[in-house]
Amino acid sequence: LPMLHGALEAAAEEASARAAAALAEVERANAAKAAAEGAAAVDACAVLWAMCQVDVASTLRAAVHKVTADKGRSPEARLARARALHVLGEILKSTTTPPPRETLTLAVGVGEAPGFALGASPCGGAVVCAVGAAGEARGVEEGDVVAAV
């Protein structure tokens, strides 16, 4: 009987060890899935950011051309318009982003530590509000606008 008891205890310990190993594997798989989802979100943000940059650049190029190449206006009037555009550009460069009200921490690569945190600004945009080492290594800076509404 003591032999049977010892064998049952050994089998129970072995089953417990297998269950713990299986649980650890599930936790590793969940962590890998979460990291992959974070990387996908970063990729989606990068695509959206690139699309916004292209849209803004093309719209700005067209507007500047219309304002400065209007043949119906004198060269002095076009120069005045160009100066006004310069002033507008300086004003836009000097504006600040509202402080974030919610944050989302993202990794910049699968399995990496958090690279940066995005904050949702009150106006509905997304701005980088904190940067980790992985984000710094990729040139992410605090205050970078990821999406604007």
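The values are calculated or read from the model by the stated rules, or taken from the named source; none is laboratory data. Source: prediction; values computed, not measured. Neighbour counts run over all protein chains shown; Cβ positions are idealised from the backbone, glycine included. To get the accessible areas, we keep the full protein, side chains included, count just its heavy atoms, and leave off ligands, DNA and RNA. Shrake-Rupley method; radii C 1.70, N 1.55, O 1.52, S 1.80 Å.
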Please go through the stretch 116-145 and give me each residue that is of a type outside the set (A, V, I, L, M, F, W, C), open to solvent by less than 60 Å² (accessible area, probe 1.4 Å) and modelled with pLDDT under 70, ordered by number. 121, 124, 125
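Listed here are the residues, each with its yes/no results for (1) among the aliphatic types (A, V, I, L, M); (2) out of contact with any Pro (no Cβ under 6 Å at 6 or more places or on another chain); (3) assigned to a helix (DSSP H, G or I); (4) at pLDDT below 75.
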| site | (1), (2), (3), (4) |
| --- | --- |
| 10 | yes, yes, yes, no |
| 15 | yes, yes, yes, no |
| 18 | no, yes, yes, no |
| 36 | yes, yes, yes, yes |
| 39 | yes, yes, yes, yes |
